[in-house]
Amino acid sequence: MAGVYVHIPFCASRCSYCDFFSTLRLDDAGRDYVEAVVAEARMMAAELRGEQVTTLYLGGGTPSQLPVALLSRLVEGLREAIDMSAVEEFTIEANPDDVSPDWCKALTALGVNRVSMGVQSFEDVILKAIGRRHTAAQAVEAVARLRDAGISNLSLDLIFGLPGQTIASWTDSVNSAIALHPSHLSAYGLTYEEGTRLWRQRERGEVVEVPEEQCLEMYRILVNLLREAGYEHYEISNFALPGYHSRHNSSYWNDTPYLGLGAAAHSYDGKVRRWNPHDLQQYISKTLAGEPIGEIEELTLGERFDERVMLGLRTARGVDGGHLRDDFGAEAWRHFTREAARHIEAGNLRVTEDGRYVLTNDGIMLSDSIIRDLMWGE
Ligand code: SF4
C-alpha cells in the first residue's frame with residue numbers, strides 16, 4: 001500500500017498566517033508546472049517498488065485554482081506514469097470560492113471522490129482579517145454544490161486561536177461546521193510563523209494573540225461538540241464520522257510509504273526521506289530536463305523511533321509497545337518505558353490490553369510535552 005501526494009503551489013492571494021510554499025504565479029507557470037509534475041511522476045514511479053497506490057491527494061497551495069484543463073492533464077499524466085487502478089480515495093483540497101458547478105462536474109469526471117475544504121472560520125470579519133478570499137456563506141454554498149455533483153465525502157478545515165476569536169464565536173463556528181454534516185473535520189491551533197504577515201502584525205502590536213489557556217478551552221469545546229455529534233476523534237487534529245477516517249493522512253501516521261511530487265513535496269519510504277526544492281523555477285527546469293531533484297536523508301534509528309512515537313501518539317490507536325521493543329532495541333525501550341511510567345502515573349497516558357500506549361483525554365492537552373519526553377533519538 002502506498003499514497004501519492006502532489007503539491008500544487010499556487011494561490012490567488014496570500015493568507016496572513018500561512019507559511020506553506022506557494023506562489024501567485026499560476027498564469028505564467030501553471031502549464032510548465034503540471035508537465036514537470038508528470039515528468040517527475042514518470043521518473044519516481046519506480047520508488048514505489050511495486051506497492052499498490054491506494055490514495056491520491058492533491059494539496060497546496062490551492063489545487064482548486066488550477067484551471068480544469070490543467071487539472072485534467074495532471075490527472076491523466078499521473079495515471080499514465082503510475083498505476084492508479086487501486087486508488088480508493090482521491091482527494092483534492094479546495095478553497096470555497098473556487099467551487100463552481102462546472103468545477104464540481106469536472107471533479108466527478110476525473111474520479112475525485114473526496115474534497116477537503118479550507119473553511120477556517122464561519123465569521124466573515126475574521127476571514128477578512130486573515131486574508132481569506134471567501135465568506136461563510138460561500139463555504140455553505142460550496143458544500144451544497146459538491147453534494148449536488150455527487151461528492152459527499154467532504155472534509156472541512158477550521159482554525160482556532162485566531163485573533164479576535166472568542167470562546168463564543170469559536171463555539172458558533174464549530175456548530176456551523178457540524179450543521180453541514182461533513183464526513184471529516186480537521187482543526188488546528190493557529191501558530192505565528194516567522195516571516196508571515198500575521199507575525200509582523202503581532203510584532204507591531206496590530207493583533208493580539210489569544211492566550212494559551214483560552215486556546216486549550218477552544219480545543220476542549222471542539223473535542224466535546226464533535227464527540228457529541230458522533231465524530232470519532234482519531235488523531236489529535238482530526239475527526240471523522242465512522243468509516244470516514246482520511247486514508248491518505250492515516251498513511252502518514254502509520255508508516256505507510258508515500259511519494260510526494262511537486263515543488264516542496266516530501267516523500268518517505270519507512271527509512272529514507274526525500275524533499276523537493278522550495279523553488280518553483282528550479283523544480284520546473286530540472287524536472288523537465290530529466291535531472292534528479294530533491295535531497296535525500298536516511299533516518300537514523302533514533303530518528304525513526306521518534307517519528308514512530310510522535311506520529312503514533314497523535315492517533316487514537318496510539319503506538320504499539322511490542323513493535324517499539326522489537327524494532328528499536330533494549331536501550332530505546334528502557335528509555336520509553338521509564339518516561340512513559342511517569343505519564344501513566346499522572347493519568348496522561350494509558351496502556352491498552354494489547355500493549356498499545358495511548359494518550360488519555362487529559363494527555364491530549366499536553367501532547368507536545370509528553371511526546372518530547374518519550375523521544376529517544378533527538
Ligand atoms: S490558500 Fe492555503 S496555501 Fe494559499 S496562502 Fe492561504 S492558507 Fe496558504
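About its Cα centre, the dipole of segment 272-378 is roughly 220 debye, where the only charges are +1 on Lys and Arg Cβ and -1 on Asp and Glu Cβ. Overall, the chain carries a charge dipole of about 420 debye about its Cα centre when +1 sits on the Cβ of Lys and Arg and -1 on the Cβ of Asp and Glu, all other atoms neutral.
List 285, 246 from most exposed to least, where exposure is judged by having the fewest other Cβ atoms within 10 Å. Walk me through the intermediate numbers first.
Numbers: 285 14, 246 24.
Starting with the residue having the fewest Cβ neighbours, the order is 285, 246.
Maximal additional length on extending the residue 360-residue 220 stretch stands at 49.1 nm, based on 0.36 nm per residue less the C-alpha distance.
Overall form of the chain: oblate. Here a/c, set by the Cα gyration tensor axes a ≥ b ≥ c, is 1.5 or more, and a/b is not larger than b/c.
Largest mean-square fluctuation among 138, 52, 201, in a Gaussian network model of the chain whose springs join Cα atoms under 10 Å apart, belongs to 201. Secondary structure note: in the chain, about 40% of the DSSP beta bridges are antiparallel. Normalising by residue count, segment 301-374 has a Cα convex hull of 76 Å³ per residue. A Gaussian network model of the chain, with springs between Cα atoms under 10 Å, assigns the largest mean-square fluctuation among 142, 179, 264 to 179. Going from the residue with the fewest nearby Cβ atoms within 10 Å to the one with the most, 345, 35, 235 rank 345, 35, 235.
Think of each Lys and Arg Cβ as +1 and each Asp and Glu Cβ as -1; about the Cα centre, that makes the dipole of segment 1-139 roughly 200 debye. Suppose a student asked you for the relative contact order of segment 2-253, using Cα pairs under 8 Å spaced at least 6 residues apart; what percent would you report? Result for segment 2-253 is 18 percent. Exposure proxy shown here: for 306, 32, 148, the number of other Cβ atoms within 10 Å sets the order, fewest to most, as 148, 32, 306.
Rounded to two decimals, what is Rg over Rh for segment 69-110 when you use alpha-carbon atoms and the Kirkwood radius? Write down the numbers at each step before the final one.
On the way: Rg = 11.5 Å, Rh = 11.6 Å.
For segment 69-110, the value is 0.99.
Could you point to the residue in 333, 162, 278 farthest towards the positive end of the chain's charge dipole, with +1 and -1 charges on the Cβ of Lys/Arg and Asp/Glu respectively? Most positive-ward Cα: 162. In terms of overall dimensions, segment 70-183 has a Cα radius of gyration and Dmax of 15.7, 50 angstrom.
Read-outs: derived from the displayed coordinates by stated rules, not from any lab. None of these values were measured; they are calculated from a predicted model. Cβ atoms come from the backbone with ideal geometry, glycine included; neighbour counts cover every protein chain shown.
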